[in-house]
Amino acid sequence: MENQMKTTCLHDKHVALGALMSPFGGFDMPIQYKGITEEHNAVRKHVGVFDVSHMGEVRVKGPDAYKYVSHIFVNDVTGAPDGQIFYGMMCYENGGVVDDLLVYKVNDNEYFLVINASNIDKDVAWIMKNAEGFDVEITDESPIYGEVAVQGPEAEETVEKVLGIPVKDIAFYNFKTFPIDGEEVIVSRTGYTGEDGFEIYGSHDYIRRVWDKLMEAGVQPCGLGCRDTLRFEVGLPLYGDELADDITPIEASLSMFVKLDKPEFIGKEALAAQKAEGVKRRIVGIELEGNAIPRHGYAVEVNGEKVGEITTGYRSISTGKSVAMAMIDKPYDKLGTEVEVRIRKKTFPAKVVKKRFYDKNYKK
Amino acid sequence: MSKIEEGCRYAESHEWVRVDEDVAVIGISDYAQHALGNIVYVDLPEVGDELEAGDEFGAVESVKAASDLYSPVSGTVVAVNEELEDRPEAINEDAFGTWLIKVAMTDSSEVDKLLDAEAYAKICEE
């Protein structure tokens, strides 16, 4: 338990904007400014900016950096050009997920890991513990970095014009480092919304200046409320909902990020066995008939028997449908399977669908 | 500042009650609708359902979360506001003008135990 709530370098600005603040991952974070719906639509249709300074950053440096990252990360960074980014997970020996993360390849001897706020302490301990025997230097840089995410179809134009950073040539899931005001600013074409966009990492002072410029230019500030509705609609997982230490990436329907043909990584044996035997349950999409809203933790039933649980659910802002992601036992995970969702005292008919409720709009 | 209507009685869980003879008309306060934000769904009981004071009778839901509703009085549900199925945002527009359910009370003295406008205003300030 955190005794004291942490704050980001933009905290006073959120308060001044009148944001509704709430704890998330140990930080006092803005949930919404204007309203989740308005902020969600700003990102889908135009552009919005998120304070994501709560995210953790860890730098891995040294002659064994490639070998070490390959050891703790389920995805395969082999042969990647400098500047490429990989999404994937760190797993325990039993295949459960320590965290999902982004790995930025600076070069063969240096990687930059971006981890979830709620997991920083646990992750850093795990990363340190497993570095034994590898010639690497590991630094938790979370306290020194601020981060904003500029997301939406107008993100490129906004970053170029308002911030004066030339990002046109940065490809999807790539990053560049720019010397700005005497520091090295990291800009990647990544995000958590299903839209085109950029994530910008810099000192607290720099990120505060970036925020001010974006506010002056009229860019919509967006809170964690719509960050969740946006990522949910395009089927992206959130650690704590779709991922956890007792959920494997295979069960989370994220096998495509687990490279079992790699010679070695923590959790490989367990995940390979699970893949070969087949999982007993997995994350699927659910669509409800009618207007009731499925929420995290609600039971999914077949003939009155519980066969799973909702992990995230909303009335989709973009489509208006009541949809959810859910962890469902086999064989009820098949597309089109009719199930019922228990909401308070009643059950509502629903069916299993693909866990993408809105098409991603990436610029690749 | 949220509005508080003088002629209503209130539950600490932010429901208002307006009494029409033996029938309690129940809604949620302006303070509650404001705290919830955009209401996108209202889950209401069936006409004929029996409620004890303090029973959960449904929920109002914003994009982010579901908030349970508790009956301030005991009795039988005699009407539910079906307009809310299509226009849940009516609560945001006019919380005191938008009722949720009507309950034929078994013990109308329960209303006297509820908060008056002044006492409720204090709760909202905390």
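The values are calculated or read from the model by the stated rules, or taken from the named source; none is laboratory data. Because the structure is predicted, anything quoted here is derived from the model rather than measured. Positions of Cβ are generated from backbone atoms using ideal geometry, with glycine treated the same way; all protein chains shown enter the neighbour counts. Heads up: the accessible areas ignore ligands, DNA and RNA and are worked out on the full protein's heavy atoms, side chains in. Shrake-Rupley method; radii C 1.70, N 1.55, O 1.52, S 1.80 Å.
Details
- Of all lysines in the structure, those lying under 19 Å Cα to Cα from A:K306, and not within fewer than 8 positions of it along the same chain, are A:K280, A:K330, A:K334, A:K345, A:K346, A:K351.
- Taking the inverse of the mean 1/r over every pair of distinct Cα atoms in segment B:54-126 gives a Kirkwood hydrodynamic radius of 14.1 Å.
- Considering only A:I138, A:I127, A:A155, the residue lying farthest towards the positive end of the dipole of segment A:90-239 is A:A155, judged by Cα position with unit charges set on Cβ.
- Accessible surface calculations at 1.4 Å, restricted to protein heavy atoms, place the protein assembly as shown at 43 Å² per residue.
- For the pair A and B, total buried accessible area rounded to nearest 100 Å², probe 1.4 Å: 1400 Å²
- Averaged over A:283-291, number of beta-carbon atoms from partner chains that fall within 10 Å: 1
- Relative intensity, log₁₀ I(q)/I(0), of the protein assembly as shown from a Debye sum that treats every alpha carbon as a point, q = 0.07, 0.08 Å⁻¹: -0.44, -0.56
- Radius 12 Å from Cβ of A:V167, net charge of other residues (Lys, Arg +1; Asp, Glu -1): -1
- Extent along principal axes [Cα atoms of segment A:170-268; Å; largest to smallest]: 46, 32, 24
- For the protein assembly as shown, with +1 on Lys and Arg beta carbons and -1 on Asp and Glu, the positive-most of A:S253, A:M29, A:G18 along the dipole: A:S253
- In segment A:159-276, a dipole from Cβ-located charges (positive for Lys and Arg, negative for Asp and Glu) runs towards its positive end, and of A:V219, A:T190, A:F178 it is A:F178 whose Cα lies farthest in that direction.
- Whole-Å semi-axes of segment A:57-140's equivalent ellipsoid (Cα gyration tensor): 18, 14, 12
- Peptide-level mean, for A:110-123, of C-beta atoms on other protein chains within 10 Å: 0
- DSSP bridge pairs, segment A:106-256: antiparallel proportion in percent, nearest 5: 95 percent
- Given charges at beta-carbon only (K, R positive; D, E negative), |dipole| of segment B:9-71 in Debye: 460 debye
- Number of Lys-Lys pairs in segment A:33-139 with C-alpha atoms under 29 Å apart and a separation of 8 or more places or on different chains: 9.
- Pairwise inverse Cα distances across chain B, averaged and inverted, put the Kirkwood hydrodynamic radius at 14.3 Å.
- Heavy-atom accessible area, 1.4 Å probe, ligands and nucleic acids excluded: residues of segment A:221-247 down by at least 50 Å² from chain alone: none
- Cα centroid separation, segment B:1-79 to segment A:53-91: 52 Å.
- Mean separation of Cα contacts under 8 Å (6+ apart) over length of segment A:280-353, as relative contact order %: 39 percent
- For A:K161, the aspartates and glutamates whose Cα comes closer than 18 Å to its Cα, not counting residues fewer than 8 places off in the same chain, are A:D169, A:D181, A:D196, A:E199, A:D212, A:E216.
- Packing-based order for A:224-234, B:111-121, using average beta carbon neighbours within 10 Å, highest first: A:224-234, B:111-121
- Hz values of 3J(HN,Hα) by residue in segment B:75-92 - Karplus curve (6.51, -1.76, 1.60), Gly and Pro given as x: x, 10, 5, 9, 7, 10, 7, 6, 4, 6, 4, 9, 10, x, 5, 4, 5, 5
- For chain A, the share of accessible area belonging to carbon and sulfur comes to 50 percent (1.4 Å probe, ligands and nucleic acids excluded).
- Note on B:K3 and A:R209: with the Förster distance fixed at 51 Å, the Cβ-Cβ geometry gives a FRET efficiency of about 0.80.
- Of the beta bridges in the protein assembly as shown, as assigned by DSSP with both residues counted there, near 95 percent are antiparallel.
- Student exercise, the protein assembly as shown dipole from Lys, Arg, Asp, Glu Cβ charges, in Debye to nearest 20: 1940 debye
- Other residues with beta-carbon under 10 Å from the beta-carbon of A:N94 carry, at +1 per Lys or Arg and -1 per Asp or Glu, a net charge of -4.
- Using θ = phi - 60° and Karplus 6.51 cos²θ - 1.76 cosθ + 1.60, couplings along segment A:168-185 (whole Hz; Gly, Pro as x): 3, 8, 7, 7, 3, 6, 10, 9, 9, 10, 10, x, 10, 6, x, 9, 9, 9
- Nonpolar atom fraction for segment B:9-108, defined as the carbon and sulfur part of the 1.4 Å probe accessible area, stands at 42 percent.
- In order through segment B:6-17: 3J(HN,Hα) via Karplus (6.51 cos²θ - 1.76 cosθ + 1.60), integer Hz, x for Gly, Pro: 4, x, 9, 10, 10, 9, 5, 7, 6, 8, 9, 10
- The charge dipole of segment B:72-126, taken about the Cα centre with unit charges on the Cβ atoms of Lys, Arg (+1) and Asp, Glu (-1), comes to about 220 debye, rounded to the nearest 20.
- The alpha carbon convex hull volume per residue for segment A:281-347 rounds to 80 Å³.
- The mean number of Cβ atoms from other chains found within 10 Å of a Cβ in peptide A:27-38 is 2, as a whole number.
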